[in-house]
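Beneath this line is the structure, given in structure tokens, with notes to follow.
The values are calculated or read from the model by the stated rules, or taken from the named source; none is laboratory data. The structure displayed is predicted, hence computed values, not measured ones. Here Cβ is always computed from backbone atoms with ideal geometry, including for glycine, and neighbour counts include all displayed protein chains.
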């Protein structure tokens with residue numbers, strides 16, 4: 001009897017785990033089209049303002065990424081400084097090595113510069129993230145169908161998981177600072193690995209989840225959220241499934257995820273420990289150089305309160321509204337009952353940004369990886385007629401392109 005049940009479910013499982021390569025074309029096409037619009041508008045801003053597109057795409061932290069890729073941590077030019085205008089032998093270690101080292105590896109290929117390697121890598125990673133985003137959106141719909149009030153309202157009009165996934169790709173490519181997805185920045189690599197780690201968790205593919213969590217730990221400190229979600233989900237599967245947590249292929253893979261997940265993150269902290277002689281070396285560099293510390297949201301509250309009441313500039317006002325709207329999106333996601341790994345990841349990424357100090361103008365960029373909380377909006381768009389959904393997406397795409405170009409070329413302290 002069990003054999004019959006498994007065989008009847010095999011086609012559905014195969015289509016979920018190993019989709020036809022042709023299903024990748026739509027998410028990749030949507031992602032590249034929206035990002036092309038953003039880059040085209042940025043190029044126009046650059047022409048009007050007498051700037052170079054190359055400089056815009058490698059601005060701010062991008063210079064650090066390219067310098068580490070080309071010279072290593074010890075050879076970063078002294079002209080690159082922290083937020084206080086200081087450069088020491090420790091300063092570069094604030095930046096995790098995963099992305100710049102990947103760029104450096106590609107730059108060793110013939111005829112490819114570090115800048116060309118960075119842009120090429122992020123285009124490819126963006127496509128990988130887009131395929132994963134479409135799959136993650138579809139998985140969320142399947143997990144939410146029987147328990148989300150968002151999907152229980154009209155049983156005669158079921159939501160198409162594939163359409164939801166494609167709309168989520170469009171929203172991902174058109175977040176307010178999605179311009180960084182095609183810059184020399186870490187967001188694309190971080191999002192690609194985080195998305196596939198979440199897919200691994202939802203599909204209980206523990207080696208996929210563990211490897212992605214391990215790798216994302218080398219990209220940026222927010223990876224601790226991904227690592228925690230993967231480890232917790234694996235442990236719940238081990239001890240909450242009713243089967244033995246100590247034997248069988250499933251248990252071995254789940255334990256592998258638990259062990260693998262923190263290795264990248266802890267490994268880099270150990271490298272900085274060895275360099276600085278302090279186990280808290282990385283945290284000291286980050287706090288002293290960029291004034292980034294957990295303050296329970298005091299800095300964010302003061303910034304939003306001040307800018308919405310007093311600012312005459314568009315950029316800080318828009319940034320304030322992005323922070324406020326993100327908090328509303330968190331509440332909607334909780335109400336919609338997203339799958340707990342996706343919800344936990346999105347909420348904790350948001351909390352880690354909103355509840356810490358530092359440069360407030362960078363919040364739209366730093367909040368980008370929490371785009372998974374937009375699944376309810378993707379579901380609403382998927383329920384609409386195709387023409388209606390596209391019409392609703394147009395101002396989002398154009399607004400995102402304009403905002404990113406404005407922040408890179410007009411506002412002087414945006415990243």
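Brief remarks follow.
- Selection status of residue 92, in contact with a helix residue (DSSP H, G or I) (Cβ under 8 Å, 6 or more places away or on another chain), under 18 Å from residue 283 (Cβ atoms) and crowded, with 16+ Cβ neighbours inside 10 Å: yes
- Looking at region 151-264, the helices (runs of 4 or more DSSP H) lying wholly inside it that each contain 3 or more residues that are under 23 Å from residue 27 (Cα atoms) and under 17 Å from the mean Cα position of the chain (by Cα) sit at 161-173, 187-202, 206-216.
- From the options 348, 355, 373, residue that is at pLDDT 95 or above and closer than 26 Å to residue 289 by Cα: 348
- Against the list (1) surrounded by fewer than 16 Cβ atoms within 10 Å (Cβ to Cβ); (2) within 30 Å of residue 267 (Cβ to Cβ); (3) modelled with pLDDT under 90, the condition residue 60 fails is (1).
Each row is one residue, and each column tells you yes or no for (1) within 30 Å of residue 283 (Cα to Cα); (2) modelled with pLDDT under 90.
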| residue | (1), (2) |
| --- | --- |
| 81 | yes, yes |
| 103 | yes, no |
| 114 | yes, no |
| 132 | no, no |
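- For region 385-415, the set of residues classified as part of a loop (DSSP other than H, G, I, E, B) and without any contact (Cβ under 8 Å) to a residue 40 or more places away in the chain consists of 385, 412, listed by residue number.
- Residue list for region 109-137, restricted to those being over 20 Å from residue 368 (Cβ atoms), surrounded by fewer than 19 Cβ atoms within 10 Å (Cβ to Cβ) and touching a residue at least 12 places away in the same chain (Cβ under 8 Å): 120
- Subset tally (residues that are part of a helix (DSSP H, G or I) and within 18 Å of residue 62 (Cβ to Cβ)) for region 91-130: 27
- Residue check for residue 44: surrounded by 13 or more Cβ atoms within 10 Å (Cβ to Cβ) and modelled with pLDDT of 90 or more: yes
- Of the listed requirements (1) assigned to a helix (DSSP H, G or I); (2) surrounded by 19 or more Cβ atoms within 10 Å (Cβ to Cβ), residue 338 misses just one: (1).
- Look at region 350-362: where a residue is farther than 21 Å from residue 411 by Cβ and a partner is buried (at least 18 other Cβ atoms within 10 Å of the Cβ) and modelled with pLDDT under 85, sitting 6+ places away or on another chain with Cβ atoms under 8 Å, you get 356/292.
- So residue 382, is it crowded, with 18+ Cβ neighbours inside 10 Å, modelled with pLDDT under 95 and either in contact with a helix residue (DSSP H, G or I) (Cβ under 8 Å, 6 or more places away or on another chain) or assigned to a helix (DSSP H, G or I) (or both): yes
- Taking (1) modelled with pLDDT under 95; (2) in a helix (DSSP H, G or I); (3) surrounded by fewer than 17 Cβ atoms within 10 Å (Cβ to Cβ) in turn, residue 270 satisfies each apart from (1).
- For region 297-323, a residue qualifies if it is more than 16 Å from residue 407 (Cα to Cα) and loosely packed, with under 13 Cβ neighbours inside 10 Å, and the qualifying residues are 298, 305, 309, 310.
- Residue satisfying condition, being modelled with pLDDT under 95, part of a helix (DSSP H, G or I) and within 23 Å of residue 129 (Cα to Cα), within set 316, 364: 364
- Residues of region 143-153 that are in contact with a helix residue (DSSP H, G or I) (Cβ under 8 Å, 6 or more places away or on another chain) and either without any contact (Cβ under 8 Å) to a residue 12 or more places away in the chain or surrounded by 15 or more Cβ atoms within 10 Å (Cβ to Cβ) (or both): 143, 144, 148, 150, 151.
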